[in-house]
1. Hey, any hits in the range 69-83 for a residue that's at pLDDT below 95, farther than 16 Å from N2 by Cα and among the polar types (S, T, N, Q)?
2. Quick one: would you say L42 is in contact with a Phe, Trp or Tyr (Cβ under 8 Å, 6 or more places away or on another chain) and in a helix (DSSP H, G or I)?
3. Considering only the range 78-105, how many residues are part of a helix (DSSP H, G or I) and surrounded by fewer than 16 Cβ atoms within 10 Å (Cβ to Cβ)?
4. Looking at the range 45-77, which of its residues are part of a helix (DSSP H, G or I) and charged (D, E, K, R)?
5. Do the conditions hold for G122, that is, is it under 30 Å from M1 (Cβ atoms) and either at pLDDT 95 or above or not in a helix (DSSP H, G or I) (or both)?
6. Across the range 11-33, what is the total count of residues that are in a helix (DSSP H, G or I), over 11 Å from the mean Cα position of the chain (by Cα) and either within 19 Å of T119 (Cβ to Cβ) or not aromatic (F, W, Y) (or both)?
Amino acid sequence: MNLVLVSLAGALGALARYGIEEIVELRRVSWRPYGTMAVNALGCFIAVVGGSAIVHFFFARGWEQQIDLAYTTLVTGFCGGFTTFSSALAIPLLEWRRGGRIRPLIILLGTPLLCALATAAGAVLAFPPLPA
């Protein structure tokens, strides 16, 4: 059952990424790499906020045994299919080989920065400070 759920979630994540990148490309073909950057950052945000929500939701209902499956389905399945580390590295390399210099560096350096910021934003939302 775990394999089926994670696989289905991964397929949904991949389809969501493809859809977002296609929408970005419809606006302007040259923007597609930025769509990939946005998807990777959004995936980090979803993993932190969604993962936290799963833990809180299941604990509040006394369903501790289901936390691992739900968390794995979201983070490994959906977010794993949604985000793409390989494209984050392959796109700048291709751009560099085509003669681009500035944009490949923006993508290569901007992707981890955006992902770190999205993760931090998710952590702030998901883990508010405890009362003193």
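1. no
2. Yes.
3. Residues meeting the conditions: 10.
4. E64, D68 - these are the residues of the range 45-77 that are part of a helix (DSSP H, G or I) and charged (D, E, K, R).
5. yes
6. Qualifying residue count, the range 11-33: 16.
The values are calculated or read from the model by the stated rules, or taken from the named source; none is laboratory data. Every value quoted in this text rests on a predicted model; they were computed, and no experiment measured them. Positions of Cβ are backbone-derived with ideal geometry, glycine not excepted, and every protein chain shown enters the neighbour counts.
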